[in-house]
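Below is one structure, written out as structure tokens; comments come after it.
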Amino acid sequence: MKYILMMNTMKAGQGIPNWAVNDLQAHIAFMMNLNKDLRSSGELVSAEGLSFPDQARLVRAGKNGVPITDGVFPESKEFLAGFWIVDVDTPERAYAIAARASAAPGPGGAPLNMPIEVRPVMSAPPPEMM
Amino acid sequence: MTRAWDATSEQLLRELAPQVLGTVARRFRDFVSAEDAVQEAMIAAFLQWPEEGIPENPRGWLIQVASRRMTDHVRSEIARREREAVVAQEAEIVVPTVDIESDMDPDDTLILLFMCCHPALTSSSAIALTLRAVGGLTTAEIANAFLVPEPTMAQRISRAKQSIQESGVPFRLPSPQERAQHLPAVLHVLYLIFNEGYVSSTGAHLQRLDLAREAIRLMRYTKKMIPDSAEVAGLLALMLLTDARRAARSGPSEELIPLDKQDRTLWDRAGISEGVGVLTEALSKGSVGMYQLQAAIAAVHDEAARAEDTDWAQILALYELLKRLSPSPVVTLNHAIAAAMVHGPSKGLELLRALDSDSRFGGHYRLAAVRAHLFEMIGDDKAAIEHYRMAATRTTSIPEQNYLMTQAARLEENPDGSGKNHPRIR
């Protein structure tokens, strides 16, 4: 069963660009390690980090389908910072991975305890016979 | 001397894979590396044989290529250990000579099947390893079938082998006692492979490997090797009888077609009669099990020329047996459907109440979906629409969700059609 784990930051960027070098490195190493472990456990389908909201554009179709873009979002808005798609045996395993990601270290090495939204990825019809 | 590669060659190559693995694993006494070496030999054969023709002795060719890989592996292992200042002799590494024709055991495929479906493994790793080591599939094909990246699948297989090694499973045929004890795990893995193929064999996934056919192939082999087990035959019958309805199961835009709405002329008559034959043989062995009962239920459906000819009383009786023999929420649910068809929807709704207290199943979409159908049968459109929508928000399957939302919309727009729909069983 596949799940998407969506990591939201509280505020745009959550101040990461302003962290101390050590904190930043610890955070990056933590995330690299998490991905490495998911790869070696045979559970990782994909993992992507997303750009800061500065690069985000809201797009709508205008007349004749021409794209109309809108940018610059308020700093208070919650943003999707990145996501993992994992293929695991139980939902509990997906929650455990999410909890680990949530506890990524922040300033001073304290766990960030970020909210991670976990949702099943829609699939083909489930087994019916038993 | 070579033969030309044709449509049957791939099948031949796949059947050779576990035999070759058995020989190489026994000779080098190293299942983990032998499995990798055979995989490399298989890939080499897939690349070379279609171009250059099939060698005169295909098994010998595969054993030789795999053994060469093993020897390379052993040599580099010796070099590594020497670097670590361990005397090579102490490491007990033996490089055997390659003798093609001896050292072949007809039971090898069965030994591998029991190893790969070992209860120490999680289902997903047992499935992946079985498809590669016993089914002779490549990692890429398996990864594609499960829609995960190839390195992820390779890792899953490699970890499965590590678990087997760590739990010290020997490379030999299990004793009759171990065999009886582990057979349910083997059948469960084959059942899951079939199910995965069964649910993914519609439109968009047609380019994926046909796991249902692969499961049937492995199941036929298992039955040949264990002819005395009624449950082995029962599971093969269940697969054949279910797979026979494949062509009628989905419509042109991949929409699900429930059993009572299927065009039964599309059902595969040959598959049905083979399944019924295997089932009859299984039932004559005297010990009834859950796979035989499910196969018997599938056979009753398959034998009805029209949905309204279905012998629901017999299906109900079979579900009552199944409920006693191997109770589960899904069995309770299907039993309630059969009871509704025999004794009316109120009876079905009454039986479903037992599932509300089940912590894992109480909120399951299928419970809501079956309730929706039963409310529709009674003529309570409002409750039916509510339950169809509840089920639609809870399912994790897109075709299922489309089906359920369409049912709710249909009832909302055309309440006159109520009461005519049967509970959906596929």
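Tabulated data for the structure shown
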{"read-out": "Longest to shortest principal axis, alpha-carbon extents of chain A, angstrom", "value": "50, 50, 21"}
{"read-out": "Cα lying deepest toward the dipole's positive end in the protein assembly as shown, options B:Ala41, A:Ser102, B:Gly344, charges on Cβ", "value": "A:Ser102"}
{"read-out": "Potential extension, B:Arg324-B:Ala180 segment - 0.36 nm per residue separation minus Cα distance", "value": "49.7 nm"}
{"read-out": "Whole-angstrom gap from segment A:4-60 to segment B:123-159, using each part's C-alpha centre", "value": "28"}
{"read-out": "Shape category assigned to segment B:323-426 from the gyration tensor of Cα positions, a/c cut at 1.5", "value": "oblate"}
{"read-out": "Relative contact order of chain B, pairs being alpha-carbon contacts under 8 Å that are 6 or more residues apart, as %", "value": "10"}
{"read-out": "Three principal axis lengths of segment B:228-323 [C-alpha, angstrom, descending]", "value": "42, 25, 20"}
{"read-out": "Estimated FRET transfer efficiency when R0 is 30 angstrom, pair A:Asp54-B:Glu254 (beta carbons, to 0.05)", "value": "0.15"}
{"read-out": "Shielding by partners, peptide A:36-48 (average Cβ within 10 angstrom, other chains)", "value": "4"}
{"read-out": "Restricting segment A:28-130 to trypsin sites (Lys or Arg not before Pro) in coil, as DSSP defines it, with at most 13 other Cβ within 10 Å", "value": "A:Lys77"}
{"read-out": "Value of [θ]222 nm, deg cm²/dmol, for chain B, DSSP H segments ≥ 4, -39500 (n - 2.57) each, nearest 500", "value": "-21000 deg cm²/dmol"}
{"read-out": "20 Å binning of all Cα-Cα separations within chain B, expressed as whole percents from 0 upward", "value": "23, 50, 23, 5, 0"}
{"read-out": "0 to 90° range, to nearest 10: angle between helix B:329-343 axis and chain B longest Cα axis", "value": "40"}
{"read-out": "In nm, spacing of pseudo-spin labels at A:Ile28 and B:Arg14 (7 Å Cα→C-beta vector)", "value": "4.7"}
{"read-out": "Rg followed by Dmax, in Å, when segment B:2-91 is reduced to its Cα trace", "value": "15.4, 52"}
{"read-out": "Pairwise label distance in nanometres, B:Arg410 with A:Ser46, each label 7 Å out on the Cα-Cβ vector", "value": "3.5"}
{"read-out": "Rule-of-thumb Rg ratio for segment B:346-395 [Cα; 2.2 N^0.38 Å; N residues]", "value": "1.05"}
{"read-out": "Full-stretch length increase - B:Glu281, B:Asp228 - with 0.36 nm per residue and alpha-carbon distance subtracted", "value": "18.0 nm"}
{"read-out": "Ordering of A:48-55, B:249-256, B:319-326 by burial proxy (mean other Cβ atoms within 10 Å per residue, highest first)", "value": "B:319-326, B:249-256, A:48-55"}
{"read-out": "Rough spin-label spacing in nm, given labels placed 7 Å along Cα→Cβ, for B:Phe361 and B:Ala79", "value": "5.9"}
{"read-out": "Over segment B:224-269: Kirkwood hydrodynamic radius from C-alpha pairwise inverse distances, Å", "value": "12.2"}
{"read-out": "Global form of the protein assembly as shown, assessed from the alpha-carbon gyration tensor, a/c cut-off 1.5", "value": "oblate"}
{"read-out": "Full-stretch length increase - A:Val118, A:Asn35 - with 0.36 nm per residue and alpha-carbon distance subtracted", "value": "28.2 nm"}
{"read-out": "FRET efficiency, B:Leu173 to A:Ala61 (Cβ-Cβ, R0 56 Å, nearest 0.05)", "value": "0.30"}
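Readers should treat all values here as calculations from the given coordinates under stated rules, not as data from a laboratory. Since the structure is predicted, the reported quantities are computational estimates derived from the model, not experimental observations. Note that each Cβ is placed from the backbone with ideal geometry, even for glycine, and that neighbours are counted across all protein chains shown.
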